[in-house]
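The values are calculated or read from the model by the stated rules, or taken from the named source; none is laboratory data. This one's a predicted model, so the numbers in the text were calculated from it and none came from an experiment. Note: ideal-geometry Cβ built from the backbone for every residue, glycine included; neighbour counts use all protein chains shown.
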C-alpha cells in the first residue's frame with residue numbers, strides 16, 4: 001500500500017519537475033523576443049520623446065513637478081528610483097534626456113543590446129517614478145516588458161549587433177548560427193505570465209463595474225470627445241451595437257488569458273487583439289496602451305510562426321542570414 005502511494009508521489013514529483021523545467025528552461029529560438037524588443041523599444045522611445053516639449057516645465061528646478069512637490073505627494077517613507085531627482089540644472093536635465101533618447105534608440109536598433117536593454121529599463125523607470133501622477137495603464141505594461149527583455153538575448157535578430165556579427169563572420173572572426181537559448185525562454189515566459197495576470201485583473205476590475213455588466217461601458221468611453229480619436233456619438237442610436245462591443249471586449253480579455261497559451265489559438269488571439277485594442281484606441285485615444293498590449297501579446301507567437309509571418313513581410317532574407 002505505502003509502496004504504491006510512494007511510487008505515485010515520486011512519479012508525480014518527477015513529471016511536475018520535468019514539465020516545470022521544460023516550460024521555463026527549454027532552449028528556444030530568440031526570434032520572438034527580438035521582435036518584441038524592436039516594437040517595445042519604439043514605443044518606449046516615443047513615450048520618452050513626448051516629454052521633450054515640456055521637459056523643463058515638468059522637471060526643471062523651477063518647474064511644476066519639483067522634487068519637493070513630488071516627495072510631498074508621495075508621502076513619508078515612499079521610495080521610487082529616479083536619477084532625475086539628482087539633476088538640478090536645465091543643462092543637466094537636457095543632457096540626461098538626450099542621453100536617454102540615445103539609449104532607447106540604440107536599444108531599438110539592437111546595438112550593444114545587453115547593456116542598452118538594462119539602461120533602457122532604468123531610463124523609463126526613472127521617468128515613470130518622477131512623473132508618477134501622469135502615468136496610466138500603459139506605463140506598467142511597458143515597464144515589465146522592458147524588464148524581462150533585459151533577461152534574454154533580445155538582440156539575436158533584427159539588430160545591429162547581429163549585423164556586425166555577420167560582418168565579423170565574413171572576416172572569419174565569429175560564428176554564424178543563433179543557437180536556442182534558455183534565457184530567451186525565461187524572458188518570453190515571464191512576459192506571457194505577467195500579461196496573462198494583467199488580463200485577469202482587467203476582467204475582474206470590469207466585472208466590478210455596473211457599466212460593463214449592462215453593456216454601456218463603451219458608450220461612456222466613446223462619449224468623451226476630449227479623448228476619442230473620432231466622433232462616435234452616433235453610437236447612441238445603436239444601443240445593441242454598444243452592448244455587443246462592450247461584452248465582446250470583456251469576453252476577449254477572458255478568452256485571451258486562457259486561449260493564448262494554446263499554440264494553435266495564440267496567433268488568432270493576437271490577430272483579434274489588433275482589432276480589439278485598435279478599436280479601443282479609437283474610442284479612448286490610448287494608442288500607446290493599445291500598442292504595448294499588442295506587442296506584449298506577441299510573446300505568445302511561437303518562433304516558427306513568427307518567422308513565417310516576417311517572411312510574408314519580406315524579412316525572410318534578413319532572418320535567414322541571421323541564422324547563418
remark   = Sole miss for residue 160 among (1) farther than 30 Å from residue 71 by Cα; (2) surrounded by fewer than 16 Cβ atoms within 10 Å (Cβ to Cβ); (3) without any contact (Cβ under 8 Å) to a residue 40 or more places away in the chain is condition (3)
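Please verify whether residue 151 is surrounded by fewer than 20 Cβ atoms within 10 Å (Cβ to Cβ), in contact (Cβ under 8 Å) with a residue 12 or more places away in the chain, part of a loop (DSSP other than H, G, I, E, B) and under 26 Å from the mean Cα position of the chain (by Cα), treating the condition exactly as stated. If you could, list the steps in order and put the result at the bottom.
On the way: surrounded by fewer than 20 Cβ atoms within 10 Å (Cβ to Cβ): yes; in contact (Cβ under 8 Å) with a residue 12 or more places away in the chain: yes; part of a loop (DSSP other than H, G, I, E, B): yes; under 26 Å from the mean Cα position of the chain (by Cα): yes.
Taking the combined requirement at face value, the residue satisfies it.
If you take the residues in segment 110-125 that are crowded, with 21+ Cβ neighbours inside 10 Å and in contact (Cβ under 8 Å) with a residue 40 or more places away in the chain, which one is nearest to residue 202 (Cα to Cα)?
Among them, the one singled out is 124.
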query = Taking interchain pairs and intrachain pairs at least six residues apart, which have beta carbon atoms under 6 angstrom, with the first residue in segment 1-21 and under 27 Å from residue 185 (Cβ atoms) and the second modelled with pLDDT under 80 and in a helix (DSSP H, G or I)?
reply = none
task = Hey, can you tell me all the residues within segment 216-242 that are modelled with pLDDT under 75 and loosely packed, with under 11 Cβ neighbours inside 10 Å?
result = 225, 226
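Quick test for you: out of 183, 217, pick the one residue that is over 22 Å from the mean Cα position of the chain (by Cα) and within 28 Å of residue 138 (Cα to Cα). Let's see the steps before the verdict.
Values: 183 fails: over 22 Å from the mean Cα position of the chain (by Cα).
When all the criteria are applied, what remains is 217.
One line per residue, one yes/no per condition, for (1) assigned to a helix (DSSP H, G or I); (2) at pLDDT below 90; (3) over 22 Å from the mean Cα position of the chain (by Cα); (4) surrounded by fewer than 18 Cβ atoms within 10 Å (Cβ to Cβ):
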| position | (1), (2), (3), (4) |
| --- | --- |
| 4 | yes, yes, yes, yes |
| 22 | yes, no, yes, yes |
| 43 | yes, no, no, no |
| 70 | yes, yes, yes, no |
| 73 | yes, yes, yes, yes |
query = From 128, 133, 164, 144, which residue is at negative phi, at pLDDT 95 or above and in a helix (DSSP H, G or I)?
reply = 144
message = Among (1) at pLDDT 95 or above; (2) crowded, with 20+ Cβ neighbours inside 10 Å; (3) over 17 Å from the mean Cα position of the chain (by Cα), there is one condition residue 87 misses while meeting the rest; what is its number?
response = (1)
remark   = Restricting segment 45-68 to residues that are in a helix (DSSP H, G or I) and more than 19 Å from the chain's Cα centre (by Cα), the one farthest from residue 106 (Cα to Cα) turns out to be 68
